[in-house]
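First up is the structure itself, then whatever we jot down about it.
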Amino acid sequence: MWFVLALLSAIFAALTSILAKVGIEGVNSNLATAIRTVVVVVMAWGMVFLTNAQNGIAEISKRSWLFLVLSGLATGVSWLCYYKALQLGDASKVVPIDKLSVVITLILAFVFLHEQFTTKSLIGCILIGIGTMVMVL
């Protein structure tokens, strides 16, 4: 199931980029990000109430709150940068560079989460990096 959800995530992320590129034309990138964020917030809280998950708020630890807030801040900065880059550049160049986050995530997971970094992971990171450069140049 995780694979199907991950694939759907990739499909919707691709749609996000194309729809955003069309929608951002003539719109301030910060305003566009704010509009997108409101939609995401409404959808996320809608799912919380639809699945009756709101009762779990009181059970969240301080540590989890801290890291969820930091993650939210990182997402916000990422979206602001992404939308500005998308407004200034071609989607076909901006999106591959944005997807270098896969390589960066693998490195950070190895350093901070002590996840295993295999030969396969290293080769994949190198190929993603090379592929990104080929697509952008």
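The values are calculated or read from the model by the stated rules, or taken from the named source; none is laboratory data. Here the structure is a predicted model, which means the values were calculated and not measured. Every residue, glycine among them, receives a Cβ derived from its backbone with ideal geometry; neighbour counts consider all protein chains shown.
Data for the structure
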{"read-out": "Restricting the range 37-67 to residues that are small (Gly, Ala, Ser) and at pLDDT below 95, the residue that is surrounded by the fewest Cβ atoms within 10 Å (Cβ to Cβ)", "value": "58"}
{"read-out": "Residues that are among the aromatic types (Phe, Trp, Tyr) and farther than 18 Å from residue 16 by Cβ, drawn from the range 82-137", "value": "110, 112, 117"}
{"read-out": "Residue 64 vs. criteria farther than 14 Å from residue 30 by Cα, among the polar types (S, T, N, Q) and in the same structural domain as residue 10 (by TED's automatic domain parsing)", "value": "yes"}
{"read-out": "Conditions (1) in the same structural domain as residue 19 (by TED's automatic domain parsing); (2) free of Cβ contacts under 8 Å to residues at least 60 places away in the same chain: number failed by residue 83", "value": "(2)"}
{"read-out": "Extreme residue, farthest from residue 30 (Cα to Cα), among residues of the range 68-121 that are surrounded by 11 or more Cβ atoms within 10 Å (Cβ to Cβ) and of a type in the set (Phe, Trp, Tyr)", "value": "117"}
{"read-out": "Filter result for residue 22 (assigned to a helix (DSSP H, G or I) and surrounded by 11 or more Cβ atoms within 10 Å (Cβ to Cβ))", "value": "no"}
{"read-out": "Condition check for residue 117: of a type in the set (A, V, I, L, M, F, W, C) and not in a helix (DSSP H, G or I)", "value": "yes"}
